[in-house]
Amino acid sequence: MNLLIMGLPGAGKGTQAAKIVEEFGVAHISTGDMFRAAMANQTEMGVLAKSFIDKGELVPDEVTNGIVKERLAQDDIKEKGFLLDGFPRTIEQAHSLDQILVYLGLELDGVINIEVDPSCLLERLSGRIIHRETGETYHKVFNPPADYKEEDYYQREDDKPETVKRRLDVNIAQGEPIIAHYRELGLVSDIQGNQDIDDVFADVKKAIAAIK
Ligand code: AP5
Ligand code: MG
């Protein structure tokens, strides 16, 4: 099963992706996670990505398309299927993905579109905390870890309010044509994201059952 998960920054893509991966065993391909790993390792691509991510801007399409193509070409994908998270983010990336999938002999089965009221997103992102050791995402209020110790968690650099505002503007402007593209192909399942995490996941599972 080959899926995309879409939604504004803070919509809950990563949170739901972790649950989908656990339940269905697909490979999670998050371009944001790939860029953050490259940034942590200070690779050439990481240094370039950081100059965009820290401002809330998108990394240039040619860089992003390249890392996605490379990952989708790996052996495990045909066996496990994939869940793309955070890609495509421009209509050009969507067209590139169409071509990459044809080239690799893969087909997209569905698009999970998490819809949220943008007014809740600043609170979600400013309260997001990530466990240093496991990389698991929590929220100080909405999804607190059982054994919270401040030093074990960090916050993302791009979750500062001024960067969040720019990320939201960029993603709102770019997102509509992408969803329209997949609606035309009849692939989109809309999910109400303003519910508890487990209720969102119950709806995601129903949508996936309908796709399979
Ligand atoms: P990326 O890492 O993809 O960030 P994003 O799209 O901004 O999305 P987030 O990861 O911030 O949010 P999410 O939807 O995963 O929410 P989460 O589950 O964590 O990209 C980062 C940057 O990299 C981009 O800005 C760009 O610069 C670059 N980049 C990445 N991909 C690119 C591409 N394709 N092209 C170009 N550039 C690219 O949840 C958020 C918080 O809310 C958490 O604390 C969580 O616990 C909580 N939460 C989740 N669900 C709920 C719920 N139902 N109720 C209450 N709280 C909830
Ligand atoms: Mg994410």
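If the requirement is being closer than 24 Å to HIS139 by Cα and either at pLDDT below 95 or open to solvent by less than 60 Å² (accessible area, probe 1.4 Å) (or both), which of these qualifies: PHE52, PHE35?
Within the list PHE52, PHE35, the selection yields PHE35.
All but one of (1) surrounded by fewer than 16 Cβ atoms within 10 Å (Cβ to Cβ); (2) in contact with a strand residue (DSSP E or B) (Cβ under 9 Å, 6 or more places away or on another chain) hold for VAL111, so report the exception by its number.
All conditions pass for VAL111, except number (1).
Restricting to segment 55-71, count the residues that are open to solvent by 80 Å² or more (accessible area, probe 1.4 Å) and either more than 10 Å from ligand 1 (Cβ to nearest atom) or at pLDDT below 95 (or both).
Going through segment 55-71 one residue at a time, the tally reaches 3.
Say we look at segment 163-190 and pick out the residues that are surrounded by fewer than 17 Cβ atoms within 10 Å (Cβ to Cβ) and charged (D, E, K, R); which of these is farthest from GLY12 (Cα to Cα)?
GLU184
Within the bounds of segment 86-104, is there any residue that is under 27 Å from ILE172 (Cβ atoms), among the hydroxyl-bearing types (Ser, Thr, Tyr) and away from ligand 2 (no atom under 16 Å from the Cβ)?
yes
Among the candidates GLU133, GLU162, single out the residue that is in a helix (DSSP H, G or I) and not hydrophobic (A, V, I, L, M, F, W, C).
One residue alone meets the criteria, GLU162.
Anything in segment 19-32 that is in contact (Cβ under 8 Å) with a residue 12 or more places away in the chain, away from ligand 1 (no atom under 13 Å from the Cβ) and open to solvent by 20 Å² or more (accessible area, probe 1.4 Å)? List them, or say none.
Passing the criteria: GLU23, PHE24, GLY25.
One line per residue, one yes/no per condition, for (1) away from ligand 2 (no atom under 16 Å from the Cβ); (2) under 24 Å from LEU101 (Cβ atoms); (3) assigned to a helix (DSSP H, G or I); (4) aliphatic (A, V, I, L, M):
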site: ALA11; (1), (2), (3), (4): no, yes, no, yes
site: GLU23; (1), (2), (3), (4): yes, yes, yes, no
site: GLY32; (1), (2), (3), (4): no, yes, yes, no
site: ALA38; (1), (2), (3), (4): no, yes, yes, yes
site: GLY46; (1), (2), (3), (4): yes, no, yes, no
site: VAL59; (1), (2), (3), (4): no, yes, no, yes
site: THR64; (1), (2), (3), (4): no, yes, yes, no
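Among the residues of segment 66-116, write down those that are touching a helix residue (DSSP H, G or I) at 6+ places or on another chain (Cβ under 6 Å), acidic (Asp, Glu) and in a strand (DSSP E or B).
Scanning segment 66-116 gives a single hit, ASP85.
Farther than 21 Å from GLU157 by Cα, away from ligand 2 (no atom under 15 Å from the Cβ) and either open to solvent by 10 Å² or more (accessible area, probe 1.4 Å) or in contact (Cβ under 8 Å) with a residue 12 or more places away in the chain (or both): which single residue out of GLN74, GLN16, GLN42 fits that description?
Going through GLN74, GLN16, GLN42 in turn, the sole match is GLN74.
The values are calculated or read from the model by the stated rules, or taken from the named source; none is laboratory data. Keep in mind it's a predicted model, so treat the numbers as computed, not measured. Virtual Cβ from ideal backbone geometry, glycine too; neighbours counted across all protein chains shown. Accessible surface is based on the protein model in full, side chains and every heavy atom, while ligands, DNA and RNA are left aside. Shrake-Rupley method; radii C 1.70, N 1.55, O 1.52, S 1.80 Å.
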